[in-house]
Amino acid sequence: QARLQLPVWLVAGTMTTNSRSIVTQMELRPTAESLAMAESIDAKNLCALKVTRKERFVNIRCVVHDIDQMEGIKGFFLYTVFFAVFFAFNFVQLDVRNGHETLTWIKQASISQYDLEGTDDAAWCEVHDLECYQPFVEYRTVDDLAHFLRVDIPKSIEGIREFCPDCLVGITIFSEDLSRLDIGDFLCTDFSVLRIRDRVVADARFPARNCDVASWDDKEVTGKTPPCCDDAATITATMVHSSLTYRGRDFPNKFNKLVKEDVADEAVQFYAHELTNIGRGLVQLIVVRGSSAVGMTYSSQWRDKQWLPEHVIPSVRFWSFSYDSEAASVLRSVAIVFWALSLIHELTEVLMKAGTWRSLAKHVLSPYFLVVEIPSILMPWLLLSVRAEDSVANYALVVSLTELVMFARFFQEGQVVPPFSIIVKTLVNAAPQLAWFTVATFTAITFFAGLQAQLYGAFDRGYGTFAGSVASVFSVVIEGLPLDDDRLLLRPDASHVSHYVINLFLFLILAQFFIAILVGAFDTTREVEMSRRADRFLPPGFAPAVHPRGFWQRQGDLFLYWFAYRAFGGWAWSVHRALDAAVADAEAHCVAMADSQGSQYAETALLLSTNQLQARLGRPLTLALLDRYASKCTATDFAAVMPYLVPDIRVEDAADAEAAAAEEMGHAPAADGHDGAVVQDGVYSCLRMVSPVRSGQAQADTTPVQTPRGVHVGARSDQVMAHAQAPLPPVK
């Protein structure tokens with residue numbers, strides 16, 4: 001009997017569920033019936049599956065993801081170390097821990113010099129002849145300021161000396177820190193400020209002065225150098241001297257004349273009035289211990305100079321700084337090293353991903369690069385280079401703003417870590433809606449702030465100014481607006497109306513829109529990420545053709561990438577650029593194919609064959625990828641795997657395909673012809689080039705078959721005839 005020689009796996013894959021019994025029956029049927037059944041088999045699968053069985057594929061998206069992960073983890077590690085060290089450096093240099101501790105015991109030292117720690121009735125202390133401590137911010141008149149300068153400041157210094165005998169004290173009318181002060185700027189000081197080229201000599205640690213020589217007591221007062229802050233009389237004398245000098249008056253050249261009661265009262269009163277009038281710091285008390293220093297600047301401004309000429313609003317500002325810390329020096333050096341490494345990595349990544357000048361310009365001019373990336377690179381370098389040449393207060397503000405920008409970049413760099421990735425991408429997806437909604441919300445807040453200021457601004461401090469009213473209404477968006485007893489007594493009807501309207505519109509409606517936008521963006525982002533994650537794995541119909549790499553092999557790959565910048569046997573930047581170009585080219589072919597069919601391309605896994613990889617990436621890189629990512633087709637229906645294959649050239653070598661198919665079927669191809677799957681312009685065709693056979697000349701009869709994706713596959717009936725003379729292998 002003539003038997004049809006067809007692969008058992010092909011017949012079983014293309015027949016119905018009772019295919020096994022049909023194949024068994026085919027062995028006993030005549031040749032004509034066998035030929036009729038064979039012709040009914042999908043000609044597309046005869047061609048495509050024969051070729052793809054021996055082919056090897058690589059999911060190019062998985063490769064790009066893996067190298068992006070290595071690149072991202074390296075960048076994230078370098079930037080995280082730099083950010084952490086930079087943050088620690090500023091934390092140490094601003095002397096946060098020691099500064100807080102020093103300010104705490106300075107307050108305790110000041111209070112210890114009084115009989116009582118304040119009272120609501122100042123007259124009660126006078127009646128009982130007690131000295132009561134009162135915080136500076138509670139003073140209200142110029143007379144109070146004069147009392148603070150003549151009594152409170154000297155007592156504070158006495159308490160500091162009792163608590164910390166080795167601490168050094170200085171008083172100045174300037175509100176700058178030690179990096180911008182010279183010894184001539186002090187009213188009195190126990191330490192010297194040494195400079196070289198207008199910079200504080202940190203190694204000197206502000207050495208203590210010889211107060212026996214610098215004292216004004218029983219000596220001729222010249223005013224060329226300030227005295228030490230010995231006692232209350234000396235401090236008063238320096239203020240009188242400064243006041244007389246400021247007014248251009250001659251000052252007594254004897255110490256005991258400077259501290260006379262009538263002269264001192266008038267001079268200190270004028271001193272407090274004039275410094276408040278010019279709007280700068282009243283006095284600054286600086287305490288130095290070793291290389292660490294803290295400053296307390298006491299200032300005042302007029303409450304209403306025209307109608308309340310003697311009433312002031314006091315305020316206090318603090319700063320702390322470590323001018324010579326070994327820990328800060330070490331951290332600064334480490335921060336500079338990792339700043340340089342992070343910068344080199346960032347520049348390499350930008351140049352690697354920018355294949356053209358146009359793409360490079362697009363990346364450099366993007367809002368993220370201009371607003372976040374450039375400041376996070378330049379500002380830390382400036383702060384590490386110039387240290388605190390500006391005032392410490394301004395320096396701390398600039399450092400905080402810089403670290404805020406760096407924190408934003410930290411999240412962007414951390415997208416290689418899933419928690420950071422989902423947060424950043426959710427915010428990016430929600431940004432357009434949040435931006436427009438913020439405009440609408442701020443408009444509503446501004447409107448309600450004006451209403452609240454009109455209703456309650458006259459007696460409620462929270463609504464006394466428009467800026468304060470905006471801040472109060474903004475808090476309503478977060479916390480809601482409670483019913484206030486004072487407002488109810490003054491305006492009961494308006495209080496109830498504003499309570500319900502503002503809570504309903506701002507708290508229950510607008511505030512919830514923000515949450516809804518973020519939740520919607522989160523759900524969308526999660527779905528997209530799950531889809532993209534699935535695209536990085538092998539799709540149905542494919543199976544790994546190589547064993548997965550072991551743990552130490554993966555660590556070796558990571559080590560080579562981090563320290564030698566090598567990936568898959570080549571330089572990482574060239575490999576990355578080639579892979580990006582391959583993905584872009586493959587997607588372009590898929591999009592073109594989808595457009596030609598009138599459909600829309602949906603991003604999915606992209607599997608490139610060996611020949612496709614070699615044409616795009618070269619032989620060495622192709623072999624390296626096949627060694628790690630090779631997969632094989634296991635599908636029984638070519639239509640199931642066709643969407644994942646790149647449609648430009650799926651099979652380029654017809655001879656190799658025929659040899660593989662012939663080897664599988666157990667015979668060699670004809671000497672004067674070949675079987676193969678040839679693709680021209682993205683169209684498959686199964687061709688059988690034959691010469692006369694034993695049964696006679698086989699006429700070429702091509703029957704086009706339409707595939708699900710619109711690819712025409714030609715199936716020749718003479719191909720079936722050529723195999724009709726060979727026996728069908730037994731079913732396994």
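The values are calculated or read from the model by the stated rules, or taken from the named source; none is laboratory data. Given the structure is predicted, the values throughout are model-derived calculations rather than measurements. Protein only, heavy atoms only, side chains kept; ligands, DNA and RNA dropped before computing areas. Shrake-Rupley method; radii C 1.70, N 1.55, O 1.52, S 1.80 Å.
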- prompt: Could you give the distance between the Cα centres of the stretch 541-612 and the stretch 446-461, to the whole Å?
  reply: 62
task: Might you tell me the accessible area per residue for the stretch 337-417, computed with a 1.4 Å probe and given in Å²?
output: 54
- request: Could you do me a favour and compute the accessible area per residue for the stretch 55-161, 1.4 Å probe, result in Å²?
  value: 45
query: How much of the accessible area of the stretch 133-178, probe 1.4 Å, is carbon plus sulfur, in whole percent?
result: 50
- request: Quick one: check the C-alpha center-to-center distance for the stretch 619-640 versus the stretch 279-318, whole angstrom.
  value: 75
message: Computing the accessible area with a 1.4 Å probe over protein heavy atoms, can you report the carbon and sulfur percentage for the stretch 562-655?
response: 55
Accessible surface, 1.4 Å probe, highest first, among residues 613, 508: 508, 613
Heavy-atom accessible surface of the stretch 470-551: percent carbon and sulfur, 1.4 Å: 67
query: What whole-number value in Å² describes the accessible area per residue of the stretch 469-588 for a 1.4 Å probe?
result: 61
